[in-house]
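Visitor: Structure below; questions to follow.
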Amino acid sequence: MCGIVGYVGHRDCADVLLDSLSKLEYRGYDSAGIAVFENDKIITEKTKGALKNLKDKLGDGHKPKGVCGIGHTRWATHGEPSDTNSHPHGSAKVSIVHNGIIENYIDIKNFLIDKGYEFASETDTETVAKLLDYYYDGNPVETIKRVLSEVKGAYGLGIIFADFKDTIYAVRKDSPLIVGVGKEENFIASDVPAIITYTRDYYLIESDEIVTLTKDNIEICDIHGKQLVKELQHADWDIEAAEKGGFEHFMLKEIHEQPTAFRTTIKPRIMDGMPFIEECGITREMLAGYHKIFIVACGTAMHAGLVGKYIIEKLARVEVTVDIASEFRYRNPVITKEDLVILISQSGETADTKAVLTMAKELGAATLSVVNVKGSSIARESDFVLYTHAGPEISVASTKAYMVQLSVMYLLAFELAYARGVISEDECRKYTSVLEEMPEKINEVLKLKDRCQFIASRLVNSQSLLYIGRGLDYALSMEGSLKLKEISYIHSEAYASGELKHGTISLVTEEMPVIAVATQSDLLEKTISNVKEVKARGGKVSMICSEKVDVDKEIANHLIKLPDVEDLFMPILAIVPLQFIAYYTSVLKGCDVDKPRNLAKSVTVE
Ligand code: F6R
């Protein structure tokens, strides 16, 4: 949610900021802006809409010339997207960019209005900028400390003071911030993709640490002024990973990266043919002892958790509940010290998921996170972390991150089942070897994209769709439906097939296409009966099933047949056509596939 960047060095600062912001646009794209020192003066340029609008505006000779500045790409929280509400905000003395939410901004605003301050925007951020102006005493770090003592909320802040034209200040609390380390140049950013063109070395900044950055020097101190020595991090992926590489959209590229991401994620966790997750600190003995397992996450990550529940319960015979983090955190759940709480998050920064982590720790449960972004808050704060290795996921709609989350769910299920003595070593080895074959099978499914594109062409004019399935297929239907609505803006609902006749089937007409996911042989006959009921009412059905089943041509209008694998592993394959169908529907509708309206990749506010 919102991306902040800052640059000080020897290059054209505006160019670097615009380039870095283009790598962070997935965090928000309602508006963008930069503030750069030009001849000792802070020049601010900002505009509503995508970064392209700002680039177009600056293209006509309005680009400030300088080597030090800050930039922002916005996902609006306080105040609609507009030129005035765009960041940076500031005064003659100071300029800031902000990611997060200032909870007590109204109190601060009232205090400052009493002191004679006027406000141009409706944002919470402007109150922090003006408070910095109010307390500024010639010492930036002391001023920042004073302001932070009065500010409540979450923030990643990039700050420049007019009196210090070669210096950027930065601080964070509960919003991500990194410092990129270059040669005679340094950076701040919300996330690694912003800096990867220039450097792979960076520091992770913790809450309440204050950074002072010049082109040759980086100072990091805590809130009491104590200088800190931090461990340098190194990004193990390069710029190609954060670029489209010849694909029309990041989403399409990321769908195609799934076999590799899957392989890279499971490889280090398989040893001598057995799952091996002890590297994260969680032992078989611990896994054998947990009383209950809670999986908590948001959106697509929660859908990966649903698949996890089915396979863990099936193989390990331990009770698993799956919850949406924003609900779970407020329903006073019954968690004990004997339980394991698993948090799944691509970004590792999702506010609700993070809040559940804090709550689970307070209640004494063990916490295990499955996270894609290295060093993110959830990863750092949980007892155990299993990183997924999808590389940067840029498209707002998650695809490869979901895929690798699934891969970890499988490994965990095998490990739990073996640790609890429910499956034998031979069975565990057999399951693990099937998992190792999945990247090849995913590759085969990628070849079905033309078929999916054809099906998308049949859906593109629909007002509404139904996704149906049973068991694991229901979990998949939920993810397929979410993918479609978020990027094509076509309403859709996922329904457990068996529930249709309890109300929802009344919606079915010729105008309501239905996508049936039917990969589970033990439930196939039942799902087919439900599909027949839909067809009998005029519904047009596209069905996704295994190539091993002989489905009567009359049953579905369109069929997608997946390579034959054991039912348990079918979700890994069935998700791919669902992703393609959503993708091509969005393309055919002319939507902005990678940056769907109203969304942001990393949801760091409630
Ligand atoms: C949908 C999507 C979201 C995220 C959700 C959680 O395509 O990406 O539903 O899954 O916002 O985000 P993370 O995984 O970063 O916690």
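The values are calculated or read from the model by the stated rules, or taken from the named source; none is laboratory data. All values reported here derive from a predicted model rather than from experimental measurement. Here Cβ is always computed from backbone atoms with ideal geometry, including for glycine, and neighbour counts include all displayed protein chains. Protein only, heavy atoms only, side chains kept; ligands, DNA and RNA dropped before computing areas. Shrake-Rupley method; radii C 1.70, N 1.55, O 1.52, S 1.80 Å.
Visitor: Rounded, prolate or oblate: which fits region 225-297 when a ≥ b ≥ c are the square roots of the eigenvalues of the alpha-carbon gyration tensor, with rounded for a/c under 1.5 and prolate only if a/b beats b/c? Mind showing how you got there, number by number?
Guide: Working: a/c = 2.10, a/b = 1.25, b/c = 1.67.
Here region 225-297 falls in the oblate category.
Visitor: Relative to the longest principal axis of the chain, what angle (0 to 90°, nearest 10) does the C-alpha long axis of helix 105-114 take?
Guide: Roughly 20 degrees, rounded to the nearest 10.
Visitor: Hey, what D do you get for region 310-374 in µm²/s if you plug the Kirkwood alpha-carbon radius into Stokes-Einstein at 20 °C and 1.002 mPa s?
Guide: Working: Rh = 12.5 Å.
D, rounded to a whole number, is 171 µm²/s.
Visitor: Next question. Which percent of the accessible heavy-atom area of the chain goes to carbon and sulfur, probe 1.4 angstrom? Walk me through the intermediate numbers first.
Guide: Details: 10900 of 22910 Å².
After summing per-atom areas, the C and S share lands at 48 percent.
Visitor: Please give the Cα centre distance for region 73-150 versus region 4-62, rounded to the nearest Å.
Guide: A separation of 19 Å, based on Cα centres.
Visitor: Also, I was wondering about something else. Any chance you could list the semi-axes, whole Å, largest first, of the equivalent ellipsoid that the Cα gyration tensor gives for region 361-453, using √(5λ)? Mind dumping the intermediate values first?
Guide: On the way: eigenvalues 145, 109, 16 Å².
The equivalent ellipsoid of region 361-453 has semi-axes of 27, 23, 9 Å.
Visitor: So what is the relative contact order for the chain, in percent, with contacts set as C-alpha pairs under 8 Å and at least six apart?
Guide: 12 percent
Visitor: Give me the Debye-computed log₁₀ of I(q)/I(0) at q = 0.22, 0.27 Å⁻¹ for region 472-522, equal point scatterers on Cα only, no solvent, two decimals.
Guide: Log10 I(q)/I(0), no solvent term: -0.90, -1.18.
Visitor: Report the antiparallel proportion of the DSSP beta bridges in the chain as a percent, rounded to a multiple of 5.
Guide: Close to 60 percent.
Visitor: How high is the FRET efficiency between Glu566 and Gln453 when r is their beta carbon distance and R₀ equals 22 Å, given to the nearest 0.05? Please report the intermediate quantities before stating the final value.
Guide: Values: r = 28 Å, r/R0 = 1.29.
The value I calculate is 0.20.
Visitor: Let me ask something additional. Could you work out how much longer the chain between Gln463 and Asp201 gets when fully extended? Use 0.36 nm per residue separation minus the Cα distance between them, nm to one decimal.
Guide: On the way: separation 262, 0.36 × 262 = 94.32 nm, distance 4.79 nm.
Working it through step by step, the gained length comes to 89.5 nm.
Visitor: Which GluC sites (Glu not before Pro) does region 304-350 hold that lie in a coil by DSSP with at most 14 other beta carbons within 10 Å? Walk me through the intermediate numbers first.
Guide: On the way: sites: Glu313, Glu319, Glu327, Glu338, Glu349; in loops: Glu319, Glu338, Glu349.
Within region 304-350, the qualifying GluC sites (Glu not before Pro) (loop, at most 14 other Cβ atoms within 10 Å) are Glu319, Glu338.
Visitor: Please list, or write none, the lysines whose alpha carbon is within less than 16 Å of the alpha carbon of Lys501, excluding same-chain residues fewer than 8 places away.
Guide: Lys526, Lys532, Lys535
Visitor: Could you calculate the FRET efficiency of Lys589 with Glu554 from 1/(1 + (r/R0)^6), where r is the beta carbon distance between them and R0 is 45 Å, rounded to 0.05? Kindly include the intermediate steps, with their values, before the conclusion.
Guide: Numbers: r = 30 Å, r/R0 = 0.67.
With R0 = 45 Å, the Cβ-Cβ based efficiency is 0.90.
Visitor: Let me ask something else about it. Which of the aspartates and glutamates could a cross-linker span from Lys540 if the Cα-Cα distance has to be under 12 Å and same-chain partners fewer than 8 positions apart are dropped?
Guide: Glu510, Glu511, Glu554
Visitor: Give me D for region 449-589 in µm² s⁻¹, whole number, from Stokes-Einstein with Rh from the Kirkwood sum over alpha-carbon pairs, 10 °C and 1.306 mPa s. If you can, show how the numbers build up before the last one.
Guide: Working: Rh = 14.5 Å.
The Stokes-Einstein estimate is 110 µm²/s.
Visitor: Could I ask something else about it? Given a cut-off of 19 Å, name the pairs among Lys337/Lys361; Lys23/Lys52; Lys93/Lys115; Lys553/Lys589; Lys230/Lys354; Lys483/Lys595 whose C-alpha atoms lie farther apart than that in the structure shown. Intermediate results must be reported in sequence, preceding the final value.
Guide: Details: Lys337/Lys361 9 Å; Lys23/Lys52 12 Å; Lys93/Lys115 17 Å; Lys553/Lys589 29 Å; Lys230/Lys354 24 Å; Lys483/Lys595 13 Å.
In this structure, Lys553/Lys589; Lys230/Lys354 exceed 19 Å between Cα atoms.
Visitor: Turning to a different aspect of this structure: Round to the nearest 0.05 the FRET efficiency obtained for Asn110 and Thr214 when R0 = 35 Å and r is the Cβ-Cβ distance. Present the calculation step by step, with values, prior to reporting the outcome.
Guide: Details: r = 36 Å, r/R0 = 1.03.
Efficiency, from the Cβ-Cβ distance: 0.45.
Visitor: Something else: Within region 452-544, list the GluC sites (Glu not before Pro) lying in a DSSP loop whose Cβ has at most 12 other Cβ atoms in a 10 Å radius. Could the numbers behind the result be given before it?
Guide: Values: sites: Glu479, Glu486, Glu493, Glu499, Glu510, Glu511, Glu525, Glu533; in loops: Glu510, Glu511.
Here the sparse-neighbourhood loop sites are Glu510.
Visitor: While we're on this one: Quick one: Cα centre-to-centre distance for region 477-519 and region 180-229, in angstrom?
Guide: 47 Å
Visitor: Which angle between 0 and 90 degrees, to the nearest 10, do you get for helix 125-135 versus the longest principal axis of the chain when only C-alpha atoms count?
Guide: The angle comes out at about 30 degrees.
Visitor: Mind checking the per residue accessible area of region 250-446 for me, 1.4 Å probe, whole number of Å²?
Guide: Details: 6690 Å² over 197 residues.
Dividing the accessible area of region 250-446 by its residue count gives 34 Å².
Visitor: Can you give the helix-only mean residue ellipticity at 222 nm for the chain, where every DSSP H stretch with n ≥ 4 adds -39500 (n - 2.57) and the sum goes over all residues, rounded to the nearest 500 deg cm²/dmol?
Guide: Numbers: 18 runs with 217 residues, N = 606.
Mean residue ellipticity at 222 nm (helix-derived): -11000 deg cm²/dmol.
Visitor: Also, quick follow-up: Given that compact globular proteins tend to follow 2.2 N^0.38 Å, what is the ratio of the alpha-carbon Rg of region 250-446 to that value?
Guide: Working: Rg = 15.7 Å, N = 197, 2.2 N^0.38 = 16.4 Å.
For region 250-446, the normalised Cα radius of gyration comes out at 0.96.
Visitor: Let me ask something additional. Enumerate the aspartates and glutamates that Lys548 could reach by cross-link, defined here as Cα to Cα under 19 Å, with residues fewer than 8 away along the same chain left out.
Guide: Partners within reach: Glu437, Glu440, Glu444, Asp473, Asp522, Glu525, Asp564, Glu566, Asp567.
Visitor: Then there is this: Between rounded, prolate and oblate, where does region 3-236 land on the alpha carbon gyration tensor, with a ≥ b ≥ c its root eigenvalues, rounded for a/c under 1.5, else prolate if a/b exceeds b/c?
Guide: Working: a/c = 1.43, a/b = 1.09, b/c = 1.31.
Note, shape of region 3-236 comes out rounded.
Visitor: Would you mind computing the Rg to Rh ratio of region 506-593 from its alpha-carbon coordinates, Kirkwood style for Rh? Please list the in-between numbers first.
Guide: Details: Rg = 13.8 Å, Rh = 13.9 Å.
Here the Rg-to-Rh quotient is 0.99.
Visitor: Run through all the Cα pairs of the chain and give the fraction in each 20 Å bin from 0, expressed as whole percent.
Guide: With 20 Å bins starting at 0, P(r) equals 20, 49, 27, 4.
Visitor: If you fit an axis through the alpha-carbon atoms of helix 521-536 and take the longest principal axis of the Cα set of the chain, what angle between them do you get, 0 to 90°, nearest 10?
Guide: Roughly 90 degrees between the two axes.
Visitor: Which number comes out as Rg/Rh for region 139-180 once both Rg and the Kirkwood Rh are worked out on C-alpha atoms?
Guide: Values: Rg = 10.9 Å, Rh = 11.2 Å.
Using Cα coordinates only, the ratio equals 0.97.
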